[in-house]
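The values are calculated or read from the model by the stated rules, or taken from the named source; none is laboratory data. Everything numeric in this text was worked out from a predicted model, so none of it was measured. Backbone-built Cβ (ideal geometry, glycine too); neighbour counts: all protein chains shown. Only protein heavy atoms, including side chains, enter the accessible area calculation; ligands, DNA and RNA are left aside. Shrake-Rupley method; radii C 1.70, N 1.55, O 1.52, S 1.80 Å.
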Amino acid sequence: MSVSDWLHSFRHSSPYINAHRGSTVVLVLGGEALASDNLLNIIHDITLLSSLGIRLVVTFGARPQIQQRLDQAGHDSRFEGGLRITREQDLPLIMEAVGGVRSWLESRLSMGLVNSPMHGAKIRVSSGNFLAARPVGVLDGVDFGYTGRVRRVDTVGIERLLELGHIVLVPPQGYSPTGDIFNLSYEDVGSQVASALKADKLIVFTDDQGVLDEDGSLIRELTVRQALQKVSDHVVSGHDADLLRAACDACTRGVRRAHIISYLRDGAILEELFTRDGFGTLVSDDNYEQIRRARVEDIGGILELIQPMEEQGILVRRSREMLETEIDQFVVAERDGMIIGCAALYGYPDEQAGELSCFAVNPDYRRGGRGDNILALVERTARAQGLARLFVLTTQTEHWFRERGFEPSSVQALPGPKLASYNTRRNSKVFVKTLS
């Protein structure tokens, strides 16, 4: 990367740095991630996030480490439905393995070597008995022994440590009021902790780029409904399905967004948090991207969107003053705080007609039906105003409008006031759509 590219990236990350400062982010690292060659880079990125004022909770798994310890002791072990059956004689070995991973993680997060990115970071790491648990019990005739599920999260204890600036480690273990200890699914721990804290983000690490489609391509965004459908259709299965279900569960219980990213890619967590589209898969149950009526505070974003198209002669120039007086006629597509599309509706009620104007979509976001969604909202608004037809003047996008039911028409068919202001130099073509 050149210096200019680096400067551009760094400057454009500042809105995200400001947006994430003070937010609560729960990270979910499986035992495979902790054993990967890229772990040290992940550790450095975690401490960087903490230094930037992000409140971090790190939940972790230890399945391969537990399996290794059980194998060393000559204990057989099996899974049912994605959960390890934890026998009483296995419990001390599992506690030993998890305790070793926890201590090792604490040591990695506490590094401060002069030649490391963590020099001078002064990161404080805390852990504790934050999880109350209950046994899974007997399912389909199988006794899961000391395998449990999260029953309650000590949010007060975790919040106090986060307020002190600590990174909080939450092991995959829970305790009962009777003093029993339970081996927990780390996916469940991450989801439950994020939900209880009402975290801003849940970030789950996996060995793929994120969630992959049938053809192996990365799925960049999923709603909870779409994600669960992928699991139901077996597009996503096995452990990946467990991770996706955990992300969906968190989103339906108060977490704004969940991200599934690769632990093998250097800097994946930074790309996901500090660039607009990230690298992995975003799962969301909120209006991460929405089409809505414009507000005064959107004017700057609209100007930034339409200026390049005005310079190319695609759109008629509009001043800020004009937008301020006409903002009530606009709808916008907003994505993560950025205006990526807009359109205006100017009504001519005497002729039951409406003009679709200043229709623009950011070139980076012209796929995925955003233009159709904007048009749909404009059409609904026009119908609500009692308008019977919609017309548009265009110089370069006639085929797009024709594909959506607009028919060629003549300049003389324009409403009187619009006909009087028609710019013959632009020589725009007129298309009309009847609103049913």
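Please identify the pairs in which a residue from the range 30-52 that is touching a residue at least 60 places away in the same chain (Cβ under 8 Å) and closer than 25 Å to Leu244 by Cβ has its Cβ atom under 7 Å from the Cβ atom of a residue that is surrounded by 15 or more Cβ atoms within 10 Å (Cβ to Cβ) and polar (S, T, N, Q), counting only partners at least 6 apart or on another chain.
Pairs that qualify, where the first residue is touching a residue at least 60 places away in the same chain (Cβ under 8 Å) and closer than 25 Å to Leu244 by Cβ and the partner is surrounded by 15 or more Cβ atoms within 10 Å (Cβ to Cβ) and polar (S, T, N, Q), are Gly31/Gln65.
How many of the residues in the range 66-103 are under 30 Å from the mean Cα position of the chain (by Cα), open to solvent by 40 Å² or more (accessible area, probe 1.4 Å) and either more than 19 Å from Gly190 (Cα to Cα) or not basic (Lys, Arg) (or both)?
The qualifying residues number 1.
Is there any pair with a first residue in the range 214-236 that is more than 22 Å from Glu272 (Cβ to Cβ) and a second that is surrounded by 14 or more Cβ atoms within 10 Å (Cβ to Cβ) and at pLDDT 85 or above whose Cβ atoms are under 6 Å apart and which are 6 or more apart or on different chains, and what are they?
Glu214/Val235
Pull up the range 303-325, narrow it to residues that are more than 28 Å from the chain's Cα centre (by Cα) and in contact (Cβ under 8 Å) with a residue 40 or more places away in the chain, then point me to the one that is surrounded by the fewest Cβ atoms within 10 Å (Cβ to Cβ).
Gly313
Applying the selection to the range 178-196, what residues are assigned to a loop (DSSP other than H, G, I, E, B) and under 20 Å from Arg253 (Cα atoms)?
Scanning the range 178-196 gives a single hit, Ser185.
Val378: open to solvent by less than 40 Å² (accessible area, probe 1.4 Å) and in contact with an Asp or Glu (Cβ under 8 Å, 6 or more places away or on another chain), yes or no?
The answer is no for Val378.
Any residue that is polar (S, T, N, Q), farther than 23 Å from Leu244 by Cα and touching a residue at least 12 places away in the same chain (Cβ under 8 Å) - is there at least one of those in the range 326-333?
yes
Among all residue pairs at least 6 apart or on different chains, which show Cβ distances below 8 Å where the first residue, located in the range 358-387, is over 25 Å from Ser319 (Cα atoms) and the second is polar (S, T, N, Q) and surrounded by 14 or more Cβ atoms within 10 Å (Cβ to Cβ)?
Sorted first by the residue in the range 358-387, then by its partner, the pairs are Gly386/Gln352; Leu387/Gln352.
Tell me, which strands (runs of 3 or more DSSP E) wholly within the range 203-296 include 2 or more residues that are within 30 Å of Asp328 (Cβ to Cβ) and open to solvent by 40 Å² or more (accessible area, probe 1.4 Å)?
The qualifying strands (runs of 3 or more DSSP E) are 289-293.
Counting only residues that are of a type in the set (A, V, I, L, M) and open to solvent by 60 Å² or more (accessible area, probe 1.4 Å), how many does the range 129-183 have?
Number satisfying all stated conditions: 4.
Using the structure shown, decide if Ile302 is over 23 Å from Pro417 (Cβ atoms), at pLDDT 95 or above and touching a helix residue (DSSP H, G or I) at 6+ places or on another chain (Cβ under 9 Å).
yes
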